[in-house]
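Worksheet for the structure shown next.
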Amino acid sequence: MYQYLSIYLCWVLWCFVTFFMSKQGKRNTYSIVLLLFLILLPYEIIIIDLPMNGSFLFLLAYSVFATIQSNLTFKKYFSILLMSYLYAIYFIWRITSPILNDFSFITIAVISGFLLLQISSKNLHQQITILIAGVSFGQFLYSIICRSYYLQYTINDTHFFSILFSILLLMAIQHSWEYLIIKIENVVKMVEFRKRWNS
């Protein structure tokens, strides 16, 4: 069920990026990344006896490239490390004390991740880089820890995708809302200016 949710969230995000994001070079990049994610989702690659989803490996490679390419401050790199560490701890806590059902587990992760991003940066593109890198590195760290303790069956890529795309969707809604508010304010200012001019 959560894999279908991830696919649905990814398509909704692709529609947001393609039709509502301002025309920039980043828009094309995000749109291509989302489409490549959907193409690679059904495939798995086995690395050192550990099956890894093709989309996860693609996001991991993209996050490494995006982190290196973007000139982030030390505080932003620290935010990426903090987010990946918290992500791994949160999933390990789920194994040791499974008191939450799947929905509550994902909801708490989405709200916490979204709030952490609002604190870490105000720039949308930096928030996206921090989120994808932090969550991807966190999932990779969690996979290594589970493999070390022979807990491979607890690695769940569908929860990773659901959390990642839910946070991205919240960010897209917030960005669209702010853009709409700015447009409305501009229209109101223009109407007030015309009233003053005509009076």
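The values are calculated or read from the model by the stated rules, or taken from the named source; none is laboratory data. Everything numeric here is computed off the predicted structure, so don't read it as measured data. A quick note on method: Cβ atoms are made from the backbone with ideal geometry, for glycine too, and the neighbour counts reach across all protein chains shown. Please note that ligands, DNA and RNA were not included when accessible areas were found on the heavy atoms of the full protein model with its side chains. Shrake-Rupley method; radii C 1.70, N 1.55, O 1.52, S 1.80 Å.
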- Could you let me know the centre-to-centre spacing of region 87-162 and region 50-70, using Cα atoms, in angstrom? 15
- With r as the distance between the Cβ atoms of ASN123 and SER176 and R0 = 22 Å, compute the FRET efficiency 1/(1 + (r/R0)^6) and round to 0.05. 0.85
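Rounded to a whole number, what is D in µm²/s for the chain from Stokes-Einstein with the Kirkwood radius over alpha-carbon pairs (37 °C, 0.692 mPa s)? Kindly include the intermediate steps, with their values, before the conclusion.
Values: Rh = 18.2 Å.
My calculation gives 180 µm²/s for D.
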- Query: Quick one: accessible area per residue over the chain, 1.4 Å probe, rounded to a whole number of Å²?
  - Reply: 61
- Task: May I ask for the percentage of alpha-carbon pairs in region 126-185 that lie more than 13 Å from each other?
- Result: 68
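Within region 72-199, how many lysine pairs that are 8 or more places apart, or on different chains, have C-alpha atoms less than 28 Å apart? Present the calculation step by step, with values, prior to reporting the outcome.
Values: LYS75/LYS122; LYS76/LYS122; LYS122/LYS183; LYS122/LYS189; LYS183/LYS195.
For region 72-199, qualifying lysine pairs total 5.
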- Item | Most mobile listed residue (ILE99, ILE163, ILE145) in the chain, GNM with C-alpha springs under 10 Å | ILE99
- Dipole-positive endmost among SER166, TRP93, ILE184 within the chain (Cβ charges, Cα centre): ILE184
- In whole percent, what relative contact order does region 1-189 give with Cα contacts below 8 Å and a gap of six or more residues? 30
- Task: Run the dipole for the chain about the Cα centre, Lys and Arg Cβ at +1, Asp and Glu Cβ at -1, nothing else charged, and hand back the magnitude in debye, nearest 20.
- Result: 980
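Kindly sort ILE106, ILE92 by accessible area of their heavy atoms, largest first, with the probe set to 1.4 Å. Walk me through the numbers on the way to the answer.
Working: ILE106 15, ILE92 55 Å².
Listed by decreasing accessible area, they come as ILE92, ILE106.
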- Item | Residue among SER143, THR107, CYS15 farthest towards the positive dipole end of the chain, charges placed on Cβ | CYS15
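Computing the accessible area with a 1.4 Å probe over protein heavy atoms, can you report the carbon and sulfur percentage for region 1-189? Working shown, then result.
Working: 7720 of 10810 Å².
Ligands and nucleic acids excluded, carbon and sulfur reach 71 percent.
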- Listed residues PHE165, PHE74, PHE105, most fluctuating in the chain (Gaussian network, C-alpha, under 10 Å): PHE74
